[in-house]
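The values are calculated or read from the model by the stated rules, or taken from the named source; none is laboratory data. All values derive from a computational prediction rather than experimental measurement. Here the Cβ positions follow ideal geometry from the backbone for every residue, glycine too, while neighbour counts run over all protein chains shown. Only protein heavy atoms, including side chains, enter the accessible area calculation; ligands, DNA and RNA are left aside. Shrake-Rupley method; radii C 1.70, N 1.55, O 1.52, S 1.80 Å.
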Amino acid sequence: MPRLTRYFIKTALLYLALALVLGLLLAARAAFDLPAEFAAFSPVFFHVLMVGWAAQLIFGMLFWMLPKYSKEQPRGNEPLAWSAYILINVGLVLRIIGEPMNTVQAEWNLGWLLVVSAVLQLIGGWAFILTAWSRVKER
Amino acid sequence: MTRLSVWTVRTALLYLGLGFLLGALMLLQKGLPLDPGLLRLLPLHVEFVLLGWTLQLAMGIAFWILPRFSQEPRYGSLRLGWSAYLLLNVGVLCAGTGQWLGISPAVFLLGRLAELLACLCFVLHAWPRVKPTGG
């Protein structure tokens with residue numbers, strides 16, 4: 001298993017655990033009438049689950065299992081794939097921090113965290129698509 | 001990888017790219033309000049990511065990787081596979097844009113019907129291939 005695949009999958013497993021904790025918090029809010037601010041974690045919960053867990057698990061598996069790009073470069077453009085891993089994760093962490101804080105403490109003007117997060121995740125996602133695209137081919 | 005898998009997986013990657021773009025636009029709007037209308041992209045974003053990307057990728061990989069038959073057609077009914085591909089994409093586009101633009105509910109309904117038929121075609125294609133290797 002390539003090193004980047006191990007990074008993607010282990011990071012995805014960590015996000016899965018975090019998503020389940022957030023899901024528990026959201027359920028507890030409804031059950032115990034906790035402060036309404038907890039609801040700010042709802043979009044974060046979905047994105048930790050879908051980007052942090054599902055997409056990264058898939059990216060790790062695709063990087064490992066898609067047909068080889070060439071004999072010299074079996075995994076295609078590896079630096080680009082590593083960039084995708086870093087950009088997506090930095091972007092997602094900024095969102096996890098920034099989105100609830102921007103909702104709960106609007107006067108702190110942390111909207112820029114979300115702007116940076118959006119740009120990093122977009123570039124990271126597209127970088128992975130570019131690396132995978134060239135390996136999706138007929139034999 | 002078969003041609004059907006190449007088309008399905010690449011289309012899934014295109015939807016992923018669009019899903020990231022729509023998601024980034026909505027997140028930008030939350031951080032730097034530009035146009036409140038951007039938040040109305042949510043149903044299109046969800047449709048593209050859940051069905052256009054995740055479901056379609058699973059179908060594309062399944063077309064490729066499920067056990068083959070020892071005799072032709074080795075990949076089973078490709079007609080069913082291509083029908084699933086076409087119906088799913090018609091469905092995602094109709095259901096996604098129908099919800100986003102708020103046009104006639106019939107468009108959304110047509111989209112969901114096409115998605116259901118796509119899944120039916122996929123199940124009929126995949127069912128006999130879920131078997132011990134060989135044979």
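What residue, of B:Glu72, B:Glu47, is among the charged types (D, E, K, R), more than 9 Å from every other protein chain (Cβ to nearest Cβ), touching a helix residue (DSSP H, G or I) at 6+ places or on another chain (Cβ under 8 Å) and on the phi < 0 side of the Ramachandran plot?
B:Glu47
Yes or no, residue by residue, for (1) surrounded by fewer than 17 Cβ atoms within 10 Å (Cβ to Cβ); (2) more than 21 Å from A:Leu122 (Cα to Cα):
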residue	(1), (2)
B:Leu22	no, no
B:Asn89	no, yes
B:Ala106	yes, yes
B:Leu109	yes, yes
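Step by step: first the residues of the range B:24-43, then only those that are open to solvent by 20 Å² or more (accessible area, probe 1.4 Å), facing another protein chain (nearest Cβ under 9 Å) and assigned to a helix (DSSP H, G or I), then the one that is farthest from B:Leu78 (Cα to Cα). Which residue is that? Within the range B:24-43, the match that is farthest from B:Leu78 (Cα to Cα) is B:Lys30.
In the set (1) buried (at least 20 other Cβ atoms within 10 Å of the Cβ); (2) among the basic types (Lys, Arg); (3) more than 25 Å from A:Leu120 (Cβ to Cβ), the condition left unmet by B:Arg74 is number (1). Among residues of the range A:91-103 that are more than 14 Å from B:Gln29 (Cβ to Cβ), those with a Cβ under 9 angstrom from a residue that is hydroxyl-bearing (Ser, Thr, Tyr), sequence gap 6+ or separate chain, pair up as A:Gly91/A:Ser117; A:Leu92/A:Tyr15; A:Leu92/A:Ser117; A:Val93/A:Ser117; A:Leu94/A:Ser117; A:Ile96/A:Ser117; A:Ile97/A:Ser117. Looking at A:Ala12, A:Ala17, just one residue is in contact with a Leu (Cβ under 7 Å, 6 or more places away or on another chain), aliphatic (A, V, I, L, M) and away from chain B (no Cβ under 11 Å), and that residue is A:Ala12. So is A:Val119 open to solvent by 40 Å² or more (accessible area, probe 1.4 Å), over 24 Å from A:Leu16 (Cβ atoms), within 9 Å of another protein chain (Cβ to nearest Cβ) and at pLDDT 95 or above or not? Taking the combined requirement at face value, the residue satisfies it. Of the residues A:Leu114, A:Leu120, the single one that is touching an Asp or Glu at 6+ places or on another chain (Cβ under 8 Å), assigned to a helix (DSSP H, G or I) and at negative phi is A:Leu114. Within the range A:28-38, the presence of a residue that is of a type in the set (Gly, Ala, Ser), touching a residue at least 40 places away in the same chain (Cβ under 8 Å) and assigned to a helix (DSSP H, G or I) is excluded.
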